[in-house]
Amino acid sequence: MARSTNGDSLKQLNHNGLKWDDSGKNGYHKKPAEQKHGAGNGVASRQNKQESFEQAPMYVAVCTYMGFGIVTLFGYFRDFLRAVGLEKCNLAQEREEQKDFVPLYQDFENFYTRNLYMRVRDNWNRPICSLPGPVFDLMERVSDDYNWTFRFTGRTIPNVINMGSYNYLGFAENNADFLKTVADKVQQYGAGVCSTRQEIGNLSIHEELEQLVANFLGVESAMTFGMGFATNSMNIPALVGKGCLILSDELNHTSLILGARLSGATIRVFKHNNMHSLEKMLKEAICCGQPRTHRAWRKILIMVEGIYSMEGSVVRLPEVIALKKKYKAHLYLDEAHSIGAVGATGRGVTELFNVNPADVDVMMGTFTKSFGASGGYIAGKKELVDYLRCHSHSAVYASAMSPPVTEQIIRAIKCIMGKDGTTEGIRRIRQLAENTRYFRARLKEMGFIIYGNDDSPVVPVLLYMPGKVVAFAREMLQRKIGVVVVGFPATPITEARARFCVSAAHTRAMLNQVLHHLNEVGDLLCLKFSRRKRPSSCSLSEETDVGLDS
Amino acid sequence: MNFKNFREYLSWLYFQYLLITGIYVLEPWEKSIFNSVLFSAIAMVVYTSYVFIPIHMRLALEFFHEIFGGQPESTMTL
């Protein structure tokens, strides 16, 4: 049942056993103007403190800006050398005949790519030569000219622990027994569909999958699409149009933003997970209506995600639903990362907060993360899904999901629901929850700054300085751990991070090995910026960091 | 972290300096340029302070001595 008041939702959260991390956080929200995730009154801020977004000390921000400034200066210097001709330019350049035209390659994004990304791009796009399970093999590549070109040495780096794949329940596996049904379906249906859903690409296996997804989520009906990104970008234009209002969270994924822009509706952005901002916008929308004519909005759609993958934060679903009911708006919930990964039986954030799935108007999710396949779904009331079958761009123009992928999703969902007769699914969900809790607790104990909710398997570890981001990725690879580091422009310029994705397939030994190496690298690079009081006695080690860095 | 000898500790400090200033991502000749510019700037600061600080300290001490400590002397002579 939905909780419609803040007080009740608080009790409900406590009852579900969500963790409160209240170890002295009051001191760290010193600068409310700078903190973008803050909320106003006591209730909301206590909930916010359950998701921690600790700020780093001031010297870290100063050093980050200084690092970017110095590298930018050298970037201008190198651009000058290239312009003068003292140095060969390896990037695309305008043709001689077009030198007087509007420049193609001189905006800041190209500057950044040329002068910062190219220097360090050996940490991204690393080719993998095995399946992305809990351990994988990487191809070793070296560069002779500072990452402008790469060559493969021919060797592979075997058994690198994979902390970057969205393999939350461990379904990225190649066990022949588990994949037997997939092989059978390939025999039966072939590998490709060669058509769209509305033409002759509507296979019986698609119907079976949609029925299964609807049962899994507890809704009336569902529809699946071949690509997760296209599910968002092609279906939002079918649902809203001109004269509608979209209230979108600050940190929404690009697919949601693209879908919103394509639809032609008015888009307003509210602060991340901030219910006051959302309520203010809803009030203003209801009172003032459309911009010039002041007519009522045809539809108001609130777009949120279940788990935000860059922050690891979880949406405040009970409060959003309360607001939606009060102001008669609709809710679009994108559960790309949270379906299968949170909740006691893996049903996502609706189960985590014990909310009736019928309260969410449009439930969207992807099969890429927890189900080890590809594609997305939209679920909800039967009228909604029937409308989408006719009007979705993806159904009309995009080719349908291929049969082996469909069967993989079917077997994964059956495994999670327990319909295949084993307890493997529920074991994996429990293992994921346990791994998440353990990993996060140990990282906090070590002194790293971590963002996000204690239940989310996405763990961003903040690194801040550009030099440290690069050194971190390289050092971890030397220790045979593959991590994903993210910097500007995917994150704010001062908040570069390493994003760990915990998986149910990781054993405790693997996690311990990762944590051990993280500890070493954290000491080597001085990454333990956290200033909160820790239960263990290693609070002295952070003092040495302060002394050396300031 | 255990450093076997002082040289290892110094090299770790140099590594931290590279990371914090962001020089770590640059090519070696760019690192040399930055290091030499920084080193010459620091050398100039040190030299200037070596030349001028004793003089300034002496003048400042004389100034304050004249204000506070000079009064009893002048009344004595009167």
remark   = Using alpha carbon centers only, region A:52-96 is separated from region A:469-499 by a whole-angstrom value of 18 Å
note = The rounded separation in angstrom of the Cα centers of region A:214-248 and region A:258-282 is 16 Å
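Using just the helices of chain A, give the 222 nm mean residue ellipticity in deg cm²/dmol: DSSP H runs with n ≥ 4 each add -39,500 (n - 2.57), and the total is spread over all residues, rounded to 500. Kindly include the intermediate steps, with their values, before the conclusion.
Working: 18 runs with 220 residues, N = 550.
When only DSSP H runs of four or more count, the value is -12500 deg cm²/dmol.
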query = aspartates and glutamates near A:Lys414 by alpha-carbon distance under 13 Å, same-chain residues fewer than 8 away left out - which ones?
reply = A:Glu208, A:Glu210, A:Glu424
inquiry  = Please compute the average number of Cβ atoms from other chains found within 10 Å of each residue's Cβ in peptide A:62-69.
reply    = 3
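Is there a simple number for the mean count of other chain Cβ atoms within 10 Å of the Cβ of residues in B:21-33, and what is it? List each step's numbers first, then the result.
Numbers: counts 8, 17, 5, 12, 16, 8, 5, 1, 0, 6, 1, 0, 2.
Neighbouring Cβ atoms belonging to other protein chains average 6 per residue here.
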ask   = In terms of modelled amide H atoms, which long-range or inter-chain residues lie less than 5 Å from the amide H of A:Leu463?
value = A:Ala496, A:Arg497, A:Ala498
remark   = Diffing region A:487-504: the Karplus 3J(HN,Hα) column from phi (6.51, -1.76, 1.60, θ = phi - 60°), in whole Hz with x for Gly and Pro, holds x, 4, x, 6, 10, x, 5, 8, 10, 5, 8, 10, 10, 9, 10, 6, 10, 5
query = Under a point spin-label approximation (7 Å from Cα along Cα-to-Cβ), what is the A:Arg261-A:Glu97 distance to one decimal in nm?
reply = 3.2 nm
message = If I model a spin label at A:Asp144 and A:Asp184 as a point 7 Å from the Cα along the Cα→Cβ vector, what separation in nanometres do I get?
response = 5.4 nm
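What order do you get for A:489-502, B:21-34, A:454-467, A:224-237 when each peptide is scored by the mean count of other beta carbon atoms within 10 Å, highest first?
Details: A:489-502: 19.6, B:21-34: 17.4, A:454-467: 24.9, A:224-237: 23.4.
Peptide ranking by packing, descending: A:454-467, A:224-237, A:489-502, B:21-34.
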inquiry  = 5 Å is the cut-off here: which amide hydrogens, built 1.01 Å from N in the peptide plane, fall below it relative to A:Ser130, excluding neighbours closer than 5 in sequence?
reply    = A:Asp137
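Which translational diffusion coefficient, to the nearest whole µm²/s, is obtained for the protein assembly as shown from the Stokes-Einstein equation, given a Kirkwood hydrodynamic radius over C-alpha pairs, 20 °C and 1.002 mPa s?
On the way: Rh = 27.6 Å.
For the chosen part, D equals 78 µm²/s.
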message = Give me the percent of accessible area attributable to carbon and sulfur for region B:3-68, probe 1.4 angstrom.
response = 77 percent
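How big a patch of accessible area, both sides summed and in Å² to the nearest 100, lies buried between B and A at a 1.4 Å probe? Write out the running numbers ahead of the final one.
Values: alone 7180 and 25120 Å², together 30260 Å².
What B and A bury together is about 2000 Å².
Heavy-atom accessible area per residue, the protein assembly as shown, 1.4 Å probe: how many Å²? Intermediate values should be presented prior to the final figure.
Details: 30260 Å² over 628 residues.
Ligands and nucleic acids excluded, the result is 48 Å² per residue.
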inquiry  = With only alpha-carbon atoms in the gyration tensor, what are the semi-axes of the equivalent ellipsoid for region B:3-68, in Å, largest first?
reply    = 39, 17, 10
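Report, in listed order, any pair from A:Lys242/A:Lys283; A:Lys328/A:Lys381; A:Lys185/A:Lys381; A:Lys324/A:Lys382 with a Cα-Cα distance greater than 23 Å. Intermediate values should be presented prior to the final figure.
Working: A:Lys242/A:Lys283 20 Å; A:Lys328/A:Lys381 17 Å; A:Lys185/A:Lys381 30 Å; A:Lys324/A:Lys382 20 Å.
Going by Cα-Cα distance, A:Lys185/A:Lys381 fall outside the 23 Å limit.
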inquiry  = With an 8 Å Cα cut-off and a minimum separation of 6 or more residues, compute the relative contact order for chain A in percent.
reply    = 19 percent
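The values are calculated or read from the model by the stated rules, or taken from the named source; none is laboratory data. Everything quoted here is computed from the prediction, not taken from an experiment. So basically every Cβ, Gly included, is an ideal-geometry build from the backbone, and we count neighbours across all protein chains shown. All accessible areas refer to the heavy atoms of the entire protein, side chains included, with ligands and DNA or RNA removed. Shrake-Rupley method; radii C 1.70, N 1.55, O 1.52, S 1.80 Å.
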